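See below for the structure under consideration.
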Amino acid sequence: MAFKGRVWKYGDNVNTDVIFPGKYTYTVSDPAQMAQYAMEDLDPRFAEQVRPGDVVVGGANFGCGSSREQAVTCLKMAGVGAIVAKSFGRIYYRNCINNALPALACAEAVDALQEGEEVEVDLEAGEIRVGSGTYHFPPLPSMALAMMEAGGLIPYTRKKLGLA
Amino acid sequence: MGMTFAEKVLASKAGLDRVVPGQIVEISPDVALSHDNAAAIYGIFKKIGVPSLARPETVVIILDHATPAPSTNHAENHRIIRQLVKEQGITHFYDVGEGICHQILVEKGLALPGEVVLGSDSHTPHAGVMGALAAGIGRSEMASIWATGALWLRVPESMRITVTGQLPEGVMSKDLALQVIGDLGADGALYMSVEWQGEAIAALDLSARATLPNIMAEMGAKNSFLPPDQKVLDYLQARAQRPFAVVLPDADARYEVDLVYDASDIRPMVARPHSVDNVAPVAQVAGTRVDQAFIGTCTNGRLEDLAAAAGVLKGRHVAPGTRLVVIPASREVYLQALRAGYLQTFVEAGGMVESPGCGPCMGNHLGVPAVGEVSISTANRNFQGRMGTKDSQVYLASPLVVAASAVAGKIAHPADL
Ligand code: SF4
């Protein structure tokens, strides 16, 4: 599975409150609607201009903070193809896997990727390709891959329970 | 070689002799905690397509995030949860007014030594104060636990923090926590089990201890553990809802990171905007104007916290132009503070006392700041926008410092008053 998109680059410790503000957590419940608030407090241009396949790039500890899954859902619904960061907040990482949004830890790629440039991500090959070169990320754990393939934790659970 | 606390609990829950960091195990949690987000979880649960909860006796729902409901949307959310509780026969349900989920879990004897608590809230590690392995998870994960009774977990690396000595007068466990986070950074314990020990920890009362695992979530920790001692066993005597067995780390366990702090070195600290690791000694920011002081939350809204704050406010008054909001962490704390006269002290000092719950901690209601205002709060998180508007500044500190700042109208320590 490979796709192309543009880079949206941010710094270290991008937290869940700036990805999806807490004030919406009990007032916005439709996943499609969540996309319009994505990154509201960090980058007001983002929700309007993001395109399917775009790649969000962050530094260390991307997605730290709250357990709110909307901070993953809003990016997924906005069409984000993958998040590349140096490291991820623990619950955020789990939420990504559980929602089939590739969360790729690759410090070299983060340093190399430039805001706005075109990038290609190949999940099977474990490669991030840009003008400056090709960067490799460690393959996802097998449990995570199985979940990605199923389309996330919920379809995966349905399968396990023999419901799908 | 021995095992850390997290390794021991996860090995035993997974039915294995031993586990190593990085290993993925499937376990059935003893407690599956959620709060106002239970309605959204129920929506996901229904999509899975099983008619009823796999292990309803493990499911705990506590309404606290926006209680009593500040809007029709919030009220509707609560209504759906009450209906779900009825439909699914959930017995561990605590309605609005009871208190903050992490506090209630402890008070009701549902967080027990050696058990596994998974909660759809990032501060679930709080329950580590009772010697439980407690970790935060997402909503889909909670729905999946409701449906199957189990979830995958990665065995964490472990960090040990030994605290020797004794905290000086006027210094609280919050100051210790802020110092550690300031030293290690907001990702200082990413994915890790943070396991505390030492005489300074043993000397703390349970309320002061709880602040430590609670706020370890801000350092990226998966869970945080404090060794249950006689104080914990005494507390649980009349509360524990199930029999339990204490689990302690082995003396020869292998820790990825091993740190020692001397409590006598700790000074009153604040976390400056907009990150909890942006810490400084109170002395360095003293004098910063404060529009609102907030004492409460799962981090510092317990009786001992209110006692400390009341001690500062007794016979004094909140500064003109500054507001003080106090929210006890639970109904039990509220009643105790009422009987002890603390609530009267707060009101006499010009403060406002609200009913138990999270209040303005995450910007829902009961005292959210205006654009451009400065808050000082006893909470655990001060991200930009956390209290409702991104254009405000939130400082975090101990109840002593927040109370003194309310009196001074600017950041201060009681010793400066
Ligand atoms: S008091 Fe604040 S940190 Fe604690 S559970 Fe409520 S919202 Fe979360």
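Among the residues of segment B:168-186, the ones that are assigned to a loop (DSSP other than H, G, I, E, B), more than 8 Å from chain A (Cβ to nearest Cβ) and touching an Asp or Glu at 6+ places or on another chain (Cβ under 7 Å) come to 1 in all. Within segment A:21-34, the set of residues being surrounded by 21 or more Cβ atoms within 10 Å (Cβ to Cβ) and away from chain B (no Cβ under 11 Å) comprises just one member, A:Met34.
Filtering B:Gly165, B:Gly149, B:Gly128 for residues that are of a type outside the set (Ser, Thr, Tyr), within 12 Å of another protein chain (Cβ to nearest Cβ) and in contact (Cβ under 8 Å) with a residue 12 or more places away in the chain leaves a single hit, B:Gly149. With respect to A:Val72, is the statement that it is more than 9 Å from every other protein chain (Cβ to nearest Cβ) and either open to solvent by less than 10 Å² (accessible area, probe 1.4 Å) or of a type in the set (Asp, Glu) (or both) true? In short, no.
For segment B:151-179, the set of residues classified as open to solvent by 10 Å² or more (accessible area, probe 1.4 Å), more than 16 Å from B:Pro213 (Cβ to Cβ) and aliphatic (A, V, I, L, M) consists of B:Leu167, B:Val171, listed by residue number. Condition check for B:Ile62 on (1) within 14 Å of another protein chain (Cβ to nearest Cβ); (2) in contact with a strand residue (DSSP E or B) (Cβ under 8 Å, 6 or more places away or on another chain); (3) β-branched (Val, Ile, Thr); (4) crowded, with 23+ Cβ neighbours inside 10 Å: one failure, at (1). Would you check if there is a residue in segment B:160-171 being at pLDDT 95 or above and closer than 30 Å to B:Val59 by Cα? The answer is no, given that none of the residues of segment B:160-171 is at pLDDT 95 or above and closer than 30 Å to B:Val59 by Cα. Residues to consider are B:Ala240, B:Ala221; find the one that is aliphatic (A, V, I, L, M) and more than 14 Å from chain A (Cβ to nearest Cβ). Within the list B:Ala240, B:Ala221, the selection yields B:Ala240. Would it be correct to say that B:Ser275 is of a type outside the set (A, V, I, L, M, F, W, C), touching a residue at least 24 places away in the same chain (Cβ under 8 Å), open to solvent by less than 60 Å² (accessible area, probe 1.4 Å) and not in a helix (DSSP H, G or I)? Yes.
Here is a check on your reading of the model: is B:Val117 surrounded by 22 or more Cβ atoms within 10 Å (Cβ to Cβ), within 16 Å of the ligand (Cβ to nearest atom), within 14 Å of another protein chain (Cβ to nearest Cβ) and not in a loop (DSSP other than H, G, I, E, B)? Yes: the conditions hold for B:Val117.
Of the helices (runs of 4 or more DSSP H) lying entirely inside segment B:289-355, those carrying at least 1 residues that are out of contact with any strand residue (DSSP E or B) (no Cβ under 6 Å at 6 or more places or on another chain) and within 16 Å of the ligand (Cβ to nearest atom) are B:297-300, B:303-313, B:331-339.
Each row is one residue, and each column tells you yes or no for (1) touching a Ser or Thr at 6+ places or on another chain (Cβ under 7 Å); (2) more than 11 Å from every other protein chain (Cβ to nearest Cβ); (3) surrounded by fewer than 16 Cβ atoms within 10 Å (Cβ to Cβ); (4) of a type outside the set (Asp, Glu).
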{"site": "B:Met3", "(1), (2), (3), (4)": "no, yes, no, yes"}
{"site": "B:Arg18", "(1), (2), (3), (4)": "no, yes, yes, yes"}
{"site": "B:Ile48", "(1), (2), (3), (4)": "yes, no, no, yes"}
{"site": "B:Ala54", "(1), (2), (3), (4)": "yes, no, no, yes"}
{"site": "B:Gln88", "(1), (2), (3), (4)": "yes, yes, no, yes"}
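Of the listed requirements (1) more than 16 Å from the ligand (Cβ to nearest atom); (2) more than 14 Å from chain A (Cβ to nearest Cβ); (3) not polar (S, T, N, Q), B:Pro273 misses just one: (2). Regarding B:Arg331, is this residue free of Cβ contacts under 8 Å to residues at least 24 places away in the same chain and among the charged types (D, E, K, R)? Here the answer is no, as B:Arg331 does not meet what is asked. Consider only pairs whose beta carbons are under 9 Å apart and that are at least six residues apart or on different chains; among these, list those whose first residue lies in segment B:199-218 and is closer than 21 Å to B:Ala307 by Cα and assigned by TED's automatic domain parsing to the domain that holds B:Val276 and whose second residue is within 16 Å of the ligand (Cβ to nearest atom) and among the hydrophobic types (A, V, I, L, M, F, W, C). Correct list of pairs: empty, since none qualify.
The listed residues are A:Val18, A:Val57, and the only one of them that is buried (at least 22 other Cβ atoms within 10 Å of the Cβ), facing chain B (nearest Cβ under 10 Å) and among the hydrophobic types (A, V, I, L, M, F, W, C) turns out to be A:Val18. Search segment A:128-159 for residues being charged (D, E, K, R) and surrounded by fewer than 17 Cβ atoms within 10 Å (Cβ to Cβ), and hand back the single one that is modelled with the highest pLDDT. Out of the qualifying residues, it is A:Lys159.
The values are calculated or read from the model by the stated rules, or taken from the named source; none is laboratory data. These figures come from a predicted structure and were not determined experimentally. Positions of Cβ are generated from backbone atoms using ideal geometry, with glycine treated the same way; all protein chains shown enter the neighbour counts. Calculation scope for accessible area: heavy atoms of the full protein, side chains included, ligands and nucleic acids excluded. Shrake-Rupley method; radii C 1.70, N 1.55, O 1.52, S 1.80 Å.
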